[in-house]
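Below is one structure, written out as structure tokens; comments come after it.
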Amino acid sequence: IGLHIRSFEFLFGNRSEQQDSTLVHNFLQNISDSYEKIFLATDSRLVQNKIKEILENKVIVYKDIINKDYLDRTSVEDFEHGLMDFYILSNCKKIYGTKGSSYSHLAGLLCGNIEWIVGLQDAKEWEG
């Protein structure tokens with residue numbers, strides 16, 4: 001399966017549809033129990049590290065985000081990273097995508113099987 005989590009600000013920002021972190025942890029545990037491998041597409045190093053910590057060796061990424069907090073849209077290298085993430089994500093059998101993200105939406109249209117995740121309420125717990 002594929003998991004797209006849009007950047008930290010978008011996922012954890014002030015939105016009316018937020019869930020608390022316990023629900024998101026439960027969601028992650030449920031998909032971890034249901035699938036052997038999970039492809040993660042994200043533009044945030046913090047989110048990538050946290051999801052890898054929670055899901056351990058089940059997570060596959062195109063490339064680790066190492067030298068910066070976020071991928072940006074002005075760097076050719078970051079743009080290529082996002083494009084490869086999109087290609088791989090859209091070829092998954094099922095996608096769990098960030099609600100409200102056009103990236104998740106388009107990948108879901110190509111995949112044909114998407115469920116939506118909404119954001120967390122308390123980002124501080126993830127900042128550890």
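May I ask you to list pairs of residues, at least six apart or on different chains, whose Cβ atoms are under 9 Å apart, with the first in segment 76-95 being over 9 Å from Leu110 (Cβ atoms) and free of Cβ contacts under 8 Å to residues at least 12 places away in the same chain and the second being open to solvent by 100 Å² or more (accessible area, probe 1.4 Å) and among the charged types (D, E, K, R)?
Phe79/Arg73
With respect to Lys63, is the statement that it is in a helix (DSSP H, G or I) and farther than 20 Å from Glu115 by Cα true? Outline the logic, then answer.
On the way: in a helix (DSSP H, G or I): no; farther than 20 Å from Glu115 by Cα: yes.
Judged against the criteria, Lys63 is not a match.
I need the full set of residues from segment 60-85 which are of a type outside the set (Phe, Trp, Tyr), out of contact with any Asp or Glu (no Cβ under 6 Å at 6 or more places or on another chain) and over 19 Å from Ile38 (Cβ atoms), in order please. Don't jump to the end; show me each part of the working.
The first filter runs over segment 60-85 and keeps only residues of a type outside the set (Phe, Trp, Tyr), leaving 60-61, 63-69, 71-78, 80-85.
With out of contact with any Asp or Glu (no Cβ under 6 Å at 6 or more places or on another chain) added as a condition, the list becomes 60-61, 63-69, 73-77, 80-85.
Within segment 60-85, Ile66, Asn67, Lys68, Asp69, Arg73, Thr74, Ser75, Val76, Glu77, Glu80, Leu83 meet the criteria.
Condition first: touching a residue at least 24 places away in the same chain (Cβ under 8 Å) and open to solvent by less than 70 Å² (accessible area, probe 1.4 Å). Now tell me which residues in segment 62-71 satisfy that. Give the derivation first.
As a first pass, look at segment 62-71 and keep what is touching a residue at least 24 places away in the same chain (Cβ under 8 Å): 62, 69-71.
If the condition is that a residue be touching a residue at least 24 places away in the same chain (Cβ under 8 Å) and open to solvent by less than 70 Å² (accessible area, probe 1.4 Å), then Leu71 is the only one that fits.
Working only within segment 96-108, note down all residues that are touching a residue at least 40 places away in the same chain (Cβ under 8 Å) and farther than 12 Å from Ile5 by Cα. Don't jump to the end; show me each part of the working.
Within segment 96-108, the first condition is being touching a residue at least 40 places away in the same chain (Cβ under 8 Å), and the residues that meet it are 96-101, 103-104, 107.
Within segment 96-108, Ala107 is the sole residue that qualifies.
The values are calculated or read from the model by the stated rules, or taken from the named source; none is laboratory data. Please read all numbers here as calculations on a predicted model, not as lab measurements. We place every Cβ from the backbone using ideal geometry, glycine too, and count neighbours over all the protein chains shown. These area figures cover heavy atoms from the full protein model, side chains too; ligands, DNA and RNA do not enter into them. Shrake-Rupley method; radii C 1.70, N 1.55, O 1.52, S 1.80 Å.
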